[in-house]
1. When chain A is treated as a GNM, springs tying every alpha-carbon pair under 10 Å, which of A:Phe161, A:Phe106, A:Phe127 comes out with the largest mean-square fluctuation?
2. Can you tell me how region B:169-327 classifies by the Cα gyration tensor, rounded, prolate or oblate, using a/c under 1.5 as the rounded cut?
3. Restricting to DSSP H runs of at least four residues, report the calculated mean residue ellipticity at 222 nm for the protein assembly as shown, -39500 (n - 2.57) per run over all residues, nearest 500 deg cm²/dmol.
4. From the square roots a ≥ b ≥ c of the eigenvalues of the alpha-carbon gyration tensor of chain A, which class results: rounded (a/c under 1.5), prolate (a/b over b/c), or oblate?
5. Just by accessible area at a 1.4 angstrom probe, what is the order of A:Glu250, A:Glu140, B:Glu372 from largest to smallest?
6. What does the charge dipole of chain B about its Cα centre add up to, to the nearest 20 debye, if the Cβ of each Lys and Arg holds +1 and the Cβ of each Asp and Glu holds -1?
7. Out of the total accessible area of the protein assembly as shown (probe 1.4 Å, heavy atoms of protein only), what percent is carbon and sulfur?
8. Two decimals is fine: what's Rg over Rh for region A:200-280, C-alpha atoms, Kirkwood radius as Rh?
Amino acid sequence: MKKTVFLGALTVAGLAAGASAAATLDDVKARGKLNCGVTTGLVGFAAPDANGVWEGFDVALCRAVAAAVLGDANAVEFVPTTGKTRFTALASGEIDLLARNTTWTFSRDTDLKFDFVGINYYDGQGFLVPKALGVSSAKELDGATVCIQTGTTTELNLADFFRANNISYEPVPIETNAEGQQQYLAGACDSYTTDASGLASTRAAFENPGDHVILPEIISKEPLGPLVRHGDNDWGDIVRWTLNALITAEELGVTSANVNELASAPGSNPEINRLLGTEGNLGEMISLDSDWAKRAIASVGNYGEVFEKNIGEKTPIGLSRGLNAQWTDGGLLYSPPFR
Amino acid sequence: MTTISDPPKASFQLSMLIYDTRFRSYTFQFIALILLMLLIGYLGANLMKNLSDQGQNISFRFLQDPSGYDINQRPIEYDSQSTHLRASIVGVLNTLIVAFLGCLTATVFGVVAGVLRLSPNWLVRKLMAVYVEAFRNVPVLIWILIIFTVMTAVMPAPNAFRGENATSSMLFDAVAFTNRGVYVPSPVWGSGSMVVVLTFLASIIGMFYYRRYATKLLYDTGKLLPMGWPSLVILFVPSILMYFVMGQPISLDYPELRGFNFQGGLHIRGSLIALWFALAIYTGAFIAENVRAGIQAVSKGQTEAAASLGLRPNRIMNLVILPQALRVIIPPLISQYLNLTKNSSLAIAVGYMDVTGTLGGITLNQTGRAIECVLLLMLFYLTISLSISAVMNVYNNSIKLKER
Amino acid sequence: MSRDNLAFVRSHMLPEAPPPVAETGAVKWLRENLFSSVGNTLLTLVSAYVVVRILFGVAPWFFNGIWDSPSLSACREMLDGRTGACFAVLTERWNQLLFGFKYPPDLYWRPTLAFVLLFVAAAPVLFMKYLPRQMLIFTGLYPFIAFWLIWGGSIMVPIFALLGVLLGAFVYWRTLTISAGVAVLAGIVAALVFWWASRLVTAPLGDVLALQPVVSRDLGGFMVNMLLGVVCVSLSLPFGIMLALGRQSRMPIIKWICVVFIEFIRGVPLITLLFVANVVLAYFLPPGTTFDLILRVIIMITMFSSAYIAEVIRGGLAALPRGQYEAADSLGLDYAQSMQLIILPQALKISIPGIVNVAVGLFKDTTLVSIISMFDIVGMIRGPILASTEWNGVYWELFGFACLLFFIVCYGISQYSQWLERELRTDHR
């Protein structure tokens, strides 16, 4: 079998090398597929369903970008990444976009040379404990065993939190969310800590979700957002404004149901017109056609729809909008204007 | 060839570089060197290009930064404010701990199983064959995961030890098996304990001297001094006396259920146990085969000759067979130790914080310095391997000299 | 006393007495093998106790097993408090365990066929004496067929790959008269040039006899372990031979390159090499180049096993009597001829047990890819299956199944190697 592999390596290397000089947008168009990095499986955010089709909140963003750029929301190759591999995968160009509930931090943005293009979920780190433990505050966890996913900011926050409160704990490092879930359910750790959204998602997969509570303390700010490589600003703009388009669409009341109707002719609201390309030439400015935002919204819905469908209160995950409500509803979502 | 009728011309032709065996090897080496340098240059240039594209550089300065994360098993002082370098050292020590424990236990398993595989007892022989084949033919990673699962999913949670009608209880009120590991009493070294320890060390030396004296006496005069009980007396009596003389300075710290977990005593974590036993049992199966091969390599005539001298079976084993078998056993044994040490890097699968877990795991993830971390990691293992190989070479040479 | 009374002449033979009960049949066997001494009796009793305990523990668990249930809780309900296994997880997730969760279900026949053909291809190599030589042609074609079956795509890719190999081999034979080193180099260069050029032809012929393509990322389950094992072992044999010969070479530079390579690879754990494949290798490739994780892993594992196989073969080369080398020289054979005709056949024969050990070890080590987030069988068990709501908490059935698969393959291979050793023994002991 020796030569075939060589051949494979050569063809792949050759093909990739041919296109490497061009910008990410051209790469994606040439390939006809968007390579999108997601988690290895976190229900509600990104997980393959029984048929192997990826679904979730982060997945929807990948699909929206694919719809805007390629006109097909299914033209996405999902690359599962772990805490360890995600940044290498992005830096090496294996993926064009990382949408893996990654926290926007100073050093990741600067030292690791990535560009966070926005925030699609305002999160914070919380603790999940069994009700039977009788704990009502994270500060009562003195001496507890805590399961923690390695290679994440949560690990550092955890150390800071316990040090600041001068209480001790025993960290049990685990590699993936699946393992953390097993260890926690087996009782090998008293508490499992990660982003509150991740905890809700994990708890939703339990047999008896009601036996477990998420403690009220949120010990950190975890703004999660998609990121791209540093230096390709055109591509960064496309991802940033696709995200903003979804947020703006919700603010303006554009949904997947009415987007086709609104886009068929210029309406009364000029911002909707600009967003959907019936007025102005915003699409052209980011090297796309005028229908780009319409396609993104039509394929996955606006931000609110994505949220409700994947992680909202009606889903097993059951997250409320909270900080992630529109600014008009008292939340933090505030998209810059389309103008 | 035609060398006689056609003496080699003095003039040098380019084709001689390939066709003349005298020059050919130089040509090849030259080409190989050029190719190697081209390859290195190519990879290096790519590396530089990639790094500069991403605005990164190769620098080991991150080792001096605070690590920011906690490690559960700390042989030396460490907290989240310590440097990445210190975290790596903690990892190295943890690797050495599990490798040492693993090698020790694997040797015991291996020697017992290897000797029993040659036992006259049919049932024992078959059982050991099953052990060896079952463990050799299944990946060690699966064994690690299985034992880890036993540790976490089968053992009771600390909560089960609590309350009036606890479902679990501690062994001898001293050892607790929980799904977070095993808690055993740990010694507390009071003032004066140093004297006891020194006495014990001196007793060990004394015992060796006694045994040497007894052997010498046996060879010189044929007088047989008892070996067994005097050794034990020399080993323990002075230490025990000294222990009471100094006012019992060494006491035991018993684990006790306080708060969420057992406190006090020595906490042997489930991940360490899983890794330790899986590596020991797995490597033990290989060592058993080495031991068996070593014993079988000693010819039957040796056993018969020894028996004809009137030696008893266990003396034949100790005095005739084993010394000869050891020569065959030890070189592969050492390479099994090496394998075990390298396999201990699978710690990452169960979250044991060895050097692969700290330097190659969390530090790599938190700093994003993949090249530097993997490089240091490889250097560490390479150093261990090469030094063990060096020891092995010295040993091999030393036993070679005795051969006639 | 008269002498007559002393005389004794047997007038008839006594009937042959049966040997004492203790010295025959089962009793004798038992006495000799199980109860020959006090210590032995104790050992027997202890081991018998252990065996009985294990059997009584496992038997109800095994025989009460439930083979058909949608989830763990349903299975527990069916068991109704009895001890029993939930083998239903195996039947329900069978395809995931074998093929991963992303391989298109309607294409399962392709890897299955490739697996069956593997036996056909391996048979003439394994049982060289008993099968016609012509079958080796199929063995040579197999890698290309298997590649086509598993990855799909146009048949032109494997065909041109094959042509490249043939061209390389042709060039090798033609240049062999100059020197072995030149021939190897020339062969490789010719094949590379051919493949590079053939891209121009294969690109437009992309849909000739095309099977539905499957990307490497979608491979998973035990298939990945088999694939990595087979590919890497067969790839590392030629590399291993070259490295071993290089290490024996009289040319110092070539020798040292090989020594450094071998010792470096043997000195580090496989997992660090997999880290390299996973997070570092990308830095050493031209900017923007990406290729499959599985391909990177194949490269790293092949390097790993080449080094080990090289050491085994070096042992074989060293074990050959000096006279064999000298005899080859005295016949006037050049380096390539003496190696191919005299030295390597014997050295490889001696090395077979060692090579098989390396191969078995390597096959077991393919499970390590689960640590770098590939979904081989261990990765499937630890990830998607144990994390699913239905099967959270089923450990023994899954791990037992994985153990069984590996045991069958590894034990089979090691039994084969023992058989082969007996078969190849040419001395008359």
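The values are calculated or read from the model by the stated rules, or taken from the named source; none is laboratory data. Please read all numbers here as calculations on a predicted model, not as lab measurements. With ideal geometry, Cβ positions are generated from the backbone for all residues, glycine too; neighbour counts draw on all protein chains shown. Surface areas here come from the heavy atoms of the whole protein model, side chains and all, with no ligands, DNA or RNA. Shrake-Rupley method; radii C 1.70, N 1.55, O 1.52, S 1.80 Å.
1. Looking only at A:Phe161, A:Phe106, A:Phe127, the largest GNM fluctuation is found for A:Phe106.
2. Oblate, since a/c reaches 1.5 and b/c is not below a/b.
3. On the way: 44 runs with 651 residues, N = 1172.
After summing the helix terms and dividing by residue count, I get -18000 deg cm²/dmol.
4. On the way: a/c = 2.03, a/b = 1.37, b/c = 1.48.
It comes out oblate by the Cα gyration axes.
5. Values: A:Glu250 45, A:Glu140 85, B:Glu372 5 Å².
Largest to smallest exposure gives the sequence A:Glu140, A:Glu250, B:Glu372.
6. Numbers: 29 positive and 18 negative charges, 285 e Å.
Dipole magnitude for chain B comes out near 1360 debye.
7. Details: 35720 of 55410 Å².
With neighbouring chains kept in place, the figure for the protein assembly as shown is 64 percent.
8. Values: Rg = 19.4 Å, Rh = 16.5 Å.
Checking Rg against Rh, the ratio lands at 1.17.
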